[in-house]
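Just below is one structure, and these are the notes that go with it.
The values are calculated or read from the model by the stated rules, or taken from the named source; none is laboratory data. Please read these numbers as outputs of a predicted model, since none were measured by experiment. Neighbour counts are summed over all protein chains in view; Cβ atoms, including those assigned to glycine, are modelled from backbone coordinates with ideal geometry. The protein model used for the area step is the full one, side chains on, heavy atoms only, and it has no ligands, DNA or RNA in it. Shrake-Rupley method; radii C 1.70, N 1.55, O 1.52, S 1.80 Å.
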Amino acid sequence: MKIRSFFALAGLLALSLAVISCKEKKSNAKTEEKEIETIFAVNTYKLKAGNLDEYLEFGGDVASVSSVAVLPDMAGKISRKLVTIGEMVRKDQIIAYVDASRPGMNYAASPVKAPISGRVVAFTPTIGTMVSQSSPVAQIADTDELEIQVNVAERFISRIEKGQTAVVTFDAYPGVEFKADVFEISPVLDTTSRTMSIKLRVNPPDDRIRVGMYARVRLVTDSVKNALVVPTTSIVSRDGKPYIFVVASQKDGDTPAKVKMQEIELGISVDAKTEVSKGLAAGDEIVIKGQNILNDGANVNVISVTE
């Protein structure tokens, strides 16, 4: 009986020691958890003032400012052609002859003259083709002065003004941008398409641009100078309000950095960029990646800084 009592007492003692040890481990683990602080890896961007242009995009055709259809004075057959497409002609220069003769009736060939000076951009009939006074023989255009004709949808016409600038690109010259400005706005809309016609002039003129080319026009409708522009994705919404996380200044030996959740006011947005009209200043370092999981005062480790 004494031996059994001894073993029972030893077992209770061992169990008590195990329970005490387990409690100490749990207590130590909780203490370590309190000491560990979460650090978030982020990418940042240093703000600087710049310009932000709001624009509309359209497609248009390059045309000559002055283009005239050439009509013959008499009906008949084209008997001679004196010019070719692409050739420069002077006003009143003879470009073709029309023979109005019929069986039993012979007439002198009637000359077809250029009504303006310019370049022959079209000459449809061939020798022997019948033409009339209402059938254009050729098209002559002044290719030194070109315009871009664009049709603007009705919902955008309130944003169009004379003198607005535009950036124009062509498939023939990838990556090359040409400057243009609006010089003419139609006072009426097309009732069929509900569009308004506007014309732009490439400035300065460029010999690479030709009549008939398709132009992609980016028309600047609003421009903000010295704006603070941030990536739109860097803006977070909390309780329906826009915020930006700003990296706070570090004290000596203070590691890691902390962020401040700064409320902001927004201006215009263009593509993936947004103007911040209030709440930030040039030189502020803002979080542009990793911001969605942050809270005010969170610790961060800045992986990279874009300037």
Filter 225/258; 46/225; 91/179; 48/179; 81/199 down to the pairs with a C-alpha to C-alpha distance above 23 Å, please. 225/258; 91/179; 48/179; 81/199
Assuming R0 = 51 Å, what is the FRET efficiency of residue 129 and residue 185, from their Cβ-Cβ distance, to the nearest 0.05? 0.80
Give the angle, between 0 and 90 degrees and rounded to the nearest 10, that separates the Cα long axis of helix 2-35 from the longest principal axis of the Cα atoms of the chain. 40 degrees
Amide proton proximity set for residue 40, modelled H, under 5 Å, gap of 5+: 299, 300, 301
Name the long-range amide H neighbours of residue 96: under 5 Å, sequence gap of 5 or more, or other chain; modelled H, no Pro or chain starts. 82, 112
Enter the accessible area of residue 275 (Å², nearest 10), with the probe set to 1.4 Å and all protein chains included. 30 Å²
Mean-position separation - Cα centroids, region 175-197 and region 96-154, in angstrom: 28 Å
Rounded to 5, the percent of DSSP beta bridges in the chain classed as antiparallel: 90 percent
From Cα pairs below 8 angstrom and at least 6 apart in sequence, can you work out the relative contact order of the chain, rounded to a whole percent? 24 percent
If amide H atoms are modeled at 1.01 Å from N in the peptide plane, then the residues at a separation of 5 or more from residue 284, or on another chain, having amide H under 5 Å from its own are 47
Residues in region 190-227 that a label on residue 169 would reach, taking backbone N under 14 Å of a point 7 Å out along Cα→Cβ: 215-219
In Å, the Kirkwood hydrodynamic radius of the chain over pairs of distinct alpha carbons? 27.1 Å
For the pair residue 239 and residue 88, how long in nm is the line joining their label points, each one 7 Å along Cα→Cβ? 7.3 nm
